[in-house]
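The values are calculated or read from the model by the stated rules, or taken from the named source; none is laboratory data. These numbers come from a predicted model, not from an experiment. Because the Cβ atoms are built from the backbone with ideal geometry, glycine has one as well, and the counts that use them run over all protein chains shown. In case anyone asks, the SASA skips ligands and DNA or RNA and just uses the protein heavy atoms, side chains included. Shrake-Rupley method; radii C 1.70, N 1.55, O 1.52, S 1.80 Å.
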Amino acid sequence: MIETREQTGPDHAAPAPAPAPEVLAAFSAADGFMPVDEGLALYAAAVTAAERTGLPVLEIGTYCGRSAILLADAARRAGTVALTVDHHRGSEEQQPGWEYHDASLVDPEVGLMDTLPRFRRTLHAAGLEQHVVALVGRSPQIAAVWGGRVALVFIDGGHTDEHATGDYEGWVPHLAPDGLLVVHDVFPDPADGGQAPYRVYLRALAEGFEEVSVTGSLRVLRRRAA
């Protein structure tokens, strides 16, 4: 069952920002796995955080660019950019023999997944290339050399404990004090999905974050006020 909780406090002083119909149509047409209701919640969080801080929004786990469309449009609306972090070789469940493998995304020359070309075509078709900075590489390595703050950290990369924890530990230190943390594929019931994102979500709550909203498996959090 999908659960949605309304935002409270200053973030809910006005109706949640929503993308234009053409942006939502581009999101719906793109390859990926995020449902529309979760995408709308992500968009609202990105606009809120970017407009409040003036900083870039960042996602870890880009695949073919479905959620990046929404983050790019949110960044455009706020006058900033979206940063996307992905090695573009596919996460563990997208490899050959696994449930989410797409053979059309395999580079025939090297025999490995390569989602970068599809990602670039997705952004081009949506007219949003100039609002995205694609960071191609492993999340912990990029986080280790990244020197700036970000308005929003969206964790949607690898779903093992190693990868989810690495994304959290690498990027939360770069989150602005009044920024937002978003975690995707949070399933409290193991029957619904892997538990690594859920454990990251619980860790965030234990380390000073509070829940702002819940939409399906998407959790939006912010640091608790001192």
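Before moving on, here are some points about what is shown:
- Among residues of region 177-195, those that are of a type in the set (A, V, I, L, M, F, W, C) and either modelled with pLDDT under 95 or assigned to a loop (DSSP other than H, G, I, E, B) (or both), counted: 3
- Subset of region 36-58 [over 13 Å from the mean Cα position of the chain (by Cα) and open to solvent by 30 Å² or more (accessible area, probe 1.4 Å)]: 36, 37, 51, 52, 53, 54, 55
- Residues of region 143-185 that turn out to be open to solvent by less than 10 Å² (accessible area, probe 1.4 Å) and among the small types (Gly, Ala, Ser), as a count: 5
- Against the numbered list (1) more than 20 Å from residue 218 (Cα to Cα); (2) polar (S, T, N, Q); (3) open to solvent by less than 10 Å² (accessible area, probe 1.4 Å), residue 80 comes up short only at (3).
- Enumeration of residues in region 13-35 that are among the hydrophobic types (A, V, I, L, M, F, W, C) and open to solvent by 30 Å² or more (accessible area, probe 1.4 Å): 13, 14, 16, 18, 20, 24, 25, 29, 33
- Taken over region 105-154, the criterion of being β-branched (Val, Ile, Thr), part of a helix (DSSP H, G or I) and more than 17 Å from residue 61 (Cα to Cα) is satisfied by 145 alone.
- Residue list for region 155-176, filter: of a type in the set (S, T, N, Q) and either in a helix (DSSP H, G or I) or on the phi > 0 side of the Ramachandran plot (or both): 165
- Checking each residue in region 206-219 for being touching a residue at least 60 places away in the same chain (Cβ under 8 Å) and closer than 11 Å to residue 186 by Cα picks out 214, 215, 216, 217, 218.
- When restricted to residues that are of a type in the set (A, V, I, L, M, F, W, C), out of contact with any helix residue (DSSP H, G or I) (no Cβ under 8 Å at 6 or more places or on another chain) and within 20 Å of residue 33 (Cα to Cα), region 197-226 contains 1.
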